[in-house]
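The values are calculated or read from the model by the stated rules, or taken from the named source; none is laboratory data. The model shown is predicted, which means the values in this text are computed figures rather than measured ones. Here Cβ is always computed from backbone atoms with ideal geometry, including for glycine, and neighbour counts include all displayed protein chains. Heads up: the accessible areas ignore ligands, DNA and RNA and are worked out on the full protein's heavy atoms, side chains in. Shrake-Rupley method; radii C 1.70, N 1.55, O 1.52, S 1.80 Å.
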Amino acid sequence: MSRFRCVPMDTESARRFRVTRRDVRGGPVHPRIVDGPGFPCRHCLRLGLPGEEMLLASWDLPLPQGPYWTPSPIFLHARDCAAAVPAAALPETVTANPIVSLRHYDAAGMCLYDLGLVLPGAEAEAPLRERLADLRVAFVNIHTARPGCWLARVERG
Ligand SMILES: [Zn+2]
């Protein structure tokens, strides 16, 4: 079983969305009020609580670079929230999700198709640890499996 750490969106990106209300291509950030499940903040890696204001934005993922690079829709608390401390446990934004996708990449940012997996977020940790034992894996991006939104990055740690 491999050690890992779960990494959130960087604080500078979160601050930029809150201050400018624009993404890096000039697109607007959309305010939303939490009215049910499905509002995972990518900075504190906590779920938005009913009545909280969230921002819906397009974030240019820092990794992978290269052909598999992609932007992702993300939610973020509209208020300042503390960045999640990279931790060796999957956050509630992953474990509460009914179906997530694990996308594994090598150090060059190439997707390791043979390791890809779709499963309930609550069941993701053990297979994730097993796959991190594969030395080809440099990091894993966890996405929601249906809309494909990025949730968190996992690194060996
Ligand atoms: Zn937050």
Enumerate the pairs (first residue in the range 12-29 and within 16 Å of the ligand (Cβ to nearest atom); second residue anywhere and open to solvent by 40 Å² or more (accessible area, probe 1.4 Å) and in a loop (DSSP other than H, G, I, E, B)) with beta-carbon separation below 6 Å, excluding pairs fewer than 6 apart on the same chain, so at least 6 apart or on different chains. Val29/Arg21
Condition set part of a strand (DSSP E or B) and within 14 Å of Arg153 (Cβ to Cβ), scope the range 77-100, selection nearest to the ligand (Cβ to nearest atom): answer is Ala87
Of the candidates Val118, Val154, the one satisfying the condition of being away from the ligand (no atom under 16 Å from the Cβ), loosely packed, with under 15 Cβ neighbours inside 10 Å and part of a strand (DSSP E or B) is Val118
Can you name every residue in the range 113-128 that is more than 18 Å from Thr93 (Cα to Cα) and over 17 Å from the mean Cα position of the chain (by Cα)? Tyr113, Asp114, Leu115
Among residues of the range 76-91, those that are loosely packed, with under 14 Cβ neighbours inside 10 Å and either free of Cβ contacts under 8 Å to residues at least 12 places away in the same chain or under 12 Å from the mean Cα position of the chain (by Cα) (or both), counted: 1
Could you tell me which of the residues Gly116, Gly148 is without any contact (Cβ under 8 Å) to a residue 60 or more places away in the chain and over 19 Å from Phe17 (Cα atoms)? Gly116
Scanning the range 54-75 residue by residue, those open to solvent by 40 Å² or more (accessible area, probe 1.4 Å) and not in a strand (DSSP E or B) turn out to be Pro62, Leu63, Gln65, Gly66, Pro67, Tyr68, Trp69, Thr70
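So that you can scan it fast, the table gives a plain yes or no per residue for (1) within 16 Å of the ligand (Cβ to nearest atom); (2) of a type outside the set (Ser, Thr, Tyr); (3) closer than 19 Å to Cys41 by Cα:
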| position | (1), (2), (3) |
| --- | --- |
| Phe75 | yes, yes, yes |
| Leu102 | no, yes, yes |
| Tyr105 | no, no, no |
| Asp134 | no, yes, no |
Do we find that Cys81 is hydrophobic (A, V, I, L, M, F, W, C) and under 23 Å from Arg46 (Cβ atoms) in this structure? yes
Within 13 Å of the chain's Cα centre (by Cα) and not in a loop (DSSP other than H, G, I, E, B) - does that describe any residue in the range 16-39? no
